[in-house]
Amino acid sequence: MSDLGPESAQRDPCQEPGQRDLGHDSAEREPDGAAAHRALVLGLRAGDESAFAELYTQYSRLVHSIAVRLMGNHHDAEDITQQVFVSAWRSRESLADDAGSLAGWLATITRRRCADLAAGRARTTRTDEAAAAALTLPTPDDPARAVEEITVAHTLESLGEPRSTIVRMAVVEDRRHEDIAATLGVPLGTVKSHIRRGLLQLRSRLEEVTA
């Protein structure tokens, strides 16, 4: 009987001499990409600024591209990009050890920041337009009408979305309920409900200021 060494004793009898056990090696070794991703996540959670710098290097162009696509201009996209990475740094501890795609995480934050900016601008525009209309429509010798116009404008703004837009389209623009539902992509019943409740709020507020 030949004297087999420890390595020979443990070798699969069906394995060719000199052949490596690749299955055993791959089971123990994590893929390079996954290992780098995990290391980056752990570094971010630990507050490692070098990990954050690496995150910015890898993903800032992606974030900026998404922001340009959603906002339509590079100026807003640059602001959004900075806000996204500030938010990412502040919320880094929420990342799980086995977090999924960092690109997906950053893309979600980007979409939220773009939506917030667009909504804020829309509110400002509506407020300015409502104030201008309230100040220019009444005649100087009709203070009661002026009070009503201003009250209506402010009450509409306080209704919140989508009720404010729906009531404005129905009352100010005199649009049919079906047209509003089709334009906004909401059920007709929802439109009618918002109009009914919105008009009740308007009537109640007008009664308070004219009593």
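FYI, it's all coordinate maths here, none of it is from the lab. On a predicted model such as this, the values are computed, not experimentally measured, just so you know. Neighbour counts are summed over all protein chains in view; Cβ atoms, including those assigned to glycine, are modelled from backbone coordinates with ideal geometry.
Spin-label model, D179/E161: points 7 Å from Cα along the beta carbon direction are separated by 2.2 nm. Among 188-199, 85-96, the peptide with the highest mean count of other Cβ atoms within 10 Å heads the list, and the full ranking is 188-199, 85-96.
When the alpha carbon gyration tensor of the stretch 32-120 is reduced to an equivalent ellipsoid, the three semi-axes, largest first, read 24, 12, 11 Å.
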